[in-house]
Amino acid sequence: MKLNGEHLRKATPRLWARLQEHDEDLATDLSQAVLVSSLDMIIEALNLLGVPHQDGFFAKDADIKGYFKAGWQEQVFDALKGKYPPAVLIFYINHLGVETGVAQEAFVPAAADARR
């Protein structure tokens, strides 16, 4: 089946219901789709931090914690918030923090910053 806007609009109620039922497989698939569709942002964020990567991906066993200095989340957000949708950028910053084990809590920028 070809995925297009019409199919997606028709599927939205079913997908939303599955998410409300805590369908973790669907949530994972959707989150991966959001991230893959934002590879330019991911590459730019990793480059900004100096994290070695291959087209936005780094090896799961790579020791990259040293690249995440105090304030890295704010640094990435401030540098990219005007170029990418803030919600997607915040999502990636939090994903990166969890994936690398460097974030102890979720990053939430100041309310005014998140709207820009």
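The values are calculated or read from the model by the stated rules, or taken from the named source; none is laboratory data. All values derive from a computational prediction rather than experimental measurement. Positions of Cβ are backbone-derived with ideal geometry, glycine not excepted, and every protein chain shown enters the neighbour counts. All accessible areas refer to the heavy atoms of the entire protein, side chains included, with ligands and DNA or RNA removed. Shrake-Rupley method; radii C 1.70, N 1.55, O 1.52, S 1.80 Å.
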With respect to Ala11, is the statement that it is of a type outside the set (Asp, Glu) and over 24 Å from Tyr84 (Cα atoms) true?
-> yes
Those residues of the stretch 85-100 which are of a type outside the set (A, V, I, L, M, F, W, C), within 22 Å of Thr28 (Cβ to Cβ) and open to solvent by less than 40 Å² (accessible area, probe 1.4 Å) amount to Tyr92, Asn94, Gly97, Thr100
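Is it fair to say Lys69 is within 15 Å of Val102 (Cβ to Cβ) and either surrounded by 14 or more Cβ atoms within 10 Å (Cβ to Cβ) or charged (D, E, K, R) (or both)?
Working: within 15 Å of Val102 (Cβ to Cβ): yes; either surrounded by 14 or more Cβ atoms within 10 Å (Cβ to Cβ) or charged (D, E, K, R) (or both): yes.
Yes: the conditions hold for Lys69.
To keep it simple, each residue is scored yes or no on (1) open to solvent by less than 70 Å² (accessible area, probe 1.4 Å); (2) in contact with a His (Cβ under 7 Å, 6 or more places away or on another chain); (3) not aliphatic (A, V, I, L, M).
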{"residue": "Arg14", "(1), (2), (3)": "no, no, yes"}
{"residue": "His22", "(1), (2), (3)": "no, no, yes"}
{"residue": "Thr28", "(1), (2), (3)": "yes, no, yes"}
{"residue": "Met41", "(1), (2), (3)": "yes, no, no"}
{"residue": "Glu44", "(1), (2), (3)": "yes, no, yes"}
Counting only residues that are part of a helix (DSSP H, G or I) and over 11 Å from Tyr92 (Cβ atoms), how many does the stretch 59-79 have?
-> 8
Is the stretch 46-60 home to any residue that is modelled with pLDDT under 90 and open to solvent by 90 Å² or more (accessible area, probe 1.4 Å)?
-> yes
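Give me a count of the residues in the stretch 20-58 that are assigned to a loop (DSSP other than H, G, I, E, B) and within 17 Å of the chain's Cα centre (by Cα).
Residues flagged as assigned to a loop (DSSP other than H, G, I, E, B) and within 17 Å of the chain's Cα centre (by Cα) within the stretch 20-58 amount to 7.
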